[in-house]
Amino acid sequence: MSTPESPGDAAERSSTHQDGFRSGFACFVGRPNVGKSTLTNALVGQKVAITSSRPQTTRHAIRGVVHREDGQLVLVDTPGLHRPRTLLGERLNDVVHTTWAEVDVIGFCVPADQAVGPGDRFIASELAKVTAKTPVIGILTKTDLVRPEVIAERLLALQQLSETLGHEFAEIVPVSASSGHQVSLLADLLLARMPPGPPLYPEGELSDEPETTLIAEFVREAALEGVRDELPHSLAVVVEEMTPGKVLTVRAEIFVERDSQKSIVIGKGGSRLKHVGTEARRQIEALLGEKVHLDLFVKVAKDWQRDPRQLRRLGF
């Protein structure tokens, strides 16, 4: 992420742009699988972060850009904060804590289809330690999945959580990224907390992530669906080569930790890997706007989540 501006820098850039325009960084935090990536995509208006029903899907701080006439929001989608069991888990948590220190506002996400629990309280307590000067907006996600009376109960619980910790939320808003309910209101609330200043990214640019990173994430998203519970944490994807031509050829390698996991990813007669390729290629072609030939290879990197050398090789 870019180094945060000093107050002098912010004042200088604000004086060179139209009055009333705001720009800055926001991030969504919460325990795994509360809808942070789906919400990021809904606000940006295009898919920039992968989603999955599996927890701990997000592994990078993916930035998506929201362009408006009155301002520009840069949304940082972070991994779910959790109690780590591996070196990878520790590094993912480091990504989250680093992001907190660099943004202008934080959105704390709690899902409406689950009661506020120990995981939410743990994250809120961590926020209270490091965000005394950063406004936090409480966001109740997935409101389309529950009845109105349940939404009311969850909003009250969210308010009580902030009061108990002595770090009261600047706002509390219920949203549904799937239906779009109050997504624009959330954008208004986030933008209102941004400092005055010009756009940080050119018009039309929706993410600053390299194409290879997004492509690797789309492959991993496709590979995550329909596998055993323990497999998602063992999957990593690296794009090894992109060869231009009438059809762009992309070579990507899927890494797992054990031979048994390799068999799961490939499937009987290669059927599962073929399905992964079909789904990933559809997303990649939508991203790049051109036809793609996708070559996928599955390799074993034994216990890579706990090996510093292999983590570096895989981009962590």
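A few remarks follow.
- The phi-based Karplus calculation (6.51 cos²θ - 1.76 cosθ + 1.60; θ = phi - 60°) puts the 3J(HN,Hα) values of the range 140-148 at 8, 8, 6, 5, 6, 8, 9, 6, x Hz, whole numbers, x for Gly and Pro.
- Where Rh is the Kirkwood radius over Cα pairs, Rg/Rh for the range 128-225: 1.05
- Pairs from K142/K268; K274/K302; K36/K268; K268/K302; K36/K129 whose Cα-Cα separation, in the structure shown, is over 30 Å: K142/K268; K36/K268
- The label point for Y201 and the one for E163, both projected 7 Å from the Cα toward the Cβ, are 3.8 nm apart.
- Each of E102 and E290 was given a label point 7 Å from its Cα along the Cα-to-Cβ line. The distance between the two points is 3.0 nm.
- Förster radius 35 Å - calculated FRET efficiency between V247 and R121, Cβ distance, rounded to 0.05: 0.10
- For the range 211-313: Kirkwood Rh in Å [reciprocal of mean 1/r, alpha carbons]: 13.9 Å
- Ranked for footprinting exposure by Cβ neighbours inside 10 Å, fewest first, V110, V103 give V103, V110.
- Sequence of K36, K274 once ranked by neighbouring C-beta atoms within 10 Å, starting from the fewest: K274, K36
- Close amide H partners of F21, meaning residues 5 or more places away or on another chain with modelled amide H under 5 Å apart, are G197.
- Relative exposure of F297, F255, judged by other C-beta atoms within 10 Å (fewest first): F297, F255
Where a number appears in this text, it was derived from the coordinates with a stated rule and is not lab data. Since the model is a prediction, treat every value here as computed from it, not as a measurement. Counting neighbours? That spans all protein chains shown, and the Cβs are built from the backbone with ideal geometry, glycine included.
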